[in-house]
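The next block holds one structure in the form of structure tokens; read it before the comments.
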Amino acid sequence: RLGPLRYLIVTPNFHHWHHSQDQEALDKNYAAHYAFLDHLFGTAVNSPRVWPERYGVLGDYVPKGFLRQLAFPFTWKG
């Protein structure tokens, strides 16, 4: 977690939480480089766990398979 640096810059752990489906992480960890911005605005994940349980986009449909995912933006009827 890089000790106190985790409050200043985005770390791999911070980025893992950005991609989490866990309830405590929804709409959190927006920063791309400077984690202090999320801490400043109250959008940083504050979890006692080190890693999330689930990853992915909650509620969105993404097809299985590389080629289907590649074509998805052009065929999605939203």
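Since every read-out is calculated from the coordinates, none of them should be taken as a lab result. Quick caveat: nothing in here was measured; it's all calculated off a predicted structure. Heads up, the Cβs are rebuilt from the backbone with ideal geometry, glycines too, and the neighbour counts pull from every protein chain shown.
Numbers at a glance
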| quantity | calculated |
| --- | --- |
| Qualifying positions in region 54-68 - surrounded by 10 or more Cβ atoms within 10 Å (Cβ to Cβ), within 25 Å of P12 (Cα to Cα) and not aliphatic (A, V, I, L, M) | R54, Y55, G56 |
| Close pairs (8 angstrom Cβ cut-off, 6 or more residues apart or separate chains): within 16 Å of Y7 (Cβ to Cβ) in region 29-56, surrounded by 12 or more Cβ atoms within 10 Å (Cβ to Cβ) and of a type in the set (K, R) anywhere | A35/R6; D38/K28; T43/K28; A44/K28; V45/K28 |
| Selected residue [surrounded by 10 or more Cβ atoms within 10 Å (Cβ to Cβ) and on the phi > 0 side of the Ramachandran plot] from L8, L26, L2 | L2 |
